[in-house]
1. List every residue pair whose Cβ atoms sit under 8 Å apart, with the two residues 6 or more apart in sequence or on different chains, where the first one lies in region 108-120 and is surrounded by 12 or more Cβ atoms within 10 Å (Cβ to Cβ) and the second, anywhere, is basic (Lys, Arg) and assigned to a helix (DSSP H, G or I).
2. Only one of these is touching a Phe, Trp or Tyr at 6+ places or on another chain (Cβ under 9 Å) and assigned to a helix (DSSP H, G or I): 105, 85, 62, 75. Name it.
3. Among residues belonging to region 6-15 that are in a helix (DSSP H, G or I) and open to solvent by less than 60 Å² (accessible area, probe 1.4 Å), point out the one that is nearest to residue 113 (Cα to Cα).
4. Could you list all residues from region 22-51 that are open to solvent by 60 Å² or more (accessible area, probe 1.4 Å) and of a type in the set (A, V, I, L, M)?
5. Just to be sure I understand the filter: pairs with C-beta atoms under 8 Å, separated by 6 or more residues or on different chains, first member in region 64-84 and closer than 15 Å to residue 116 by Cα and among the acidic types (Asp, Glu), second member open to solvent by 60 Å² or more (accessible area, probe 1.4 Å) and part of a helix (DSSP H, G or I). Which pairs pass?
6. Please go through (1) under 26 Å from residue 36 (Cβ atoms); (2) under 16 Å from the mean Cα position of the chain (by Cα) for residue 106 and return the number of the only condition it doesn't satisfy.
7. Residues in region 94-102: is at least one over 15 Å from residue 11 (Cα atoms) and loosely packed, with under 11 Cβ neighbours inside 10 Å?
8. Since residue 90 meets every condition but one in (1) more than 30 Å from residue 128 (Cβ to Cβ); (2) in a helix (DSSP H, G or I); (3) open to solvent by 90 Å² or more (accessible area, probe 1.4 Å), which condition does it not meet?
Amino acid sequence: MESVKALSARSLQYYAIGRQWQSDLEFFKVETAFLHRLLDDYFIPLSNEIYLNRLKKAGENLFRLEEDESRMEILLNSQLRELELMAEDMIAEDAEQLSGTQVELEYMIAGLAKAYREVKQELFSLIECLIKDRKMLTA
């Protein structure tokens, strides 16, 4: 029979929080794909010199957001895998290392949420400006 040890309450908490962050990260990835489609749909009109600088900035910020998502996903998956291995008694529980990674992940998810909101607002504002300008031209 397989030997499974009990994880400390703190490690169990890290695992539960990590799973929630994994869910949040999946949401960000779906929303980021939506933002890409939105940019693609409005790319031609946004390529006008009036909007071009804002379009470039939005694209760069979206790219950075995806890089941050990717870095967080790698670190988070590693943390969750280590916790699973600890629960299966395959590796020793290292509270100090877990704590350090957890703090790093906490800062990453907070930064990611902030960056996501900013990128989303930036893109929506840019497209809203384009739509208003189009309405003024057709009025």
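The values are calculated or read from the model by the stated rules, or taken from the named source; none is laboratory data. This one's a predicted model, so the numbers in the text were calculated from it and none came from an experiment. All Cβ positions, even for glycine, are placed from backbone atoms using ideal geometry, and neighbour counts span all protein chains on display. These area figures cover heavy atoms from the full protein model, side chains too; ligands, DNA and RNA do not enter into them. Shrake-Rupley method; radii C 1.70, N 1.55, O 1.52, S 1.80 Å.
1. Note: pairs meeting the criteria are 108/71; 115/64.
2. One residue alone meets the criteria, 105.
3. 14
4. First, the residues of region 22-51 that are open to solvent by 60 Å² or more (accessible area, probe 1.4 Å): 23, 26-27, 29-30, 34, 36-37, 40-41, 43-44, 48-50.
Result: 30, 44, 50.
5. 69/29
6. (1)
7. So far as region 94-102 goes, no, none of its residues is over 15 Å from residue 11 (Cα atoms) and loosely packed, with under 11 Cβ neighbours inside 10 Å.
8. (2)
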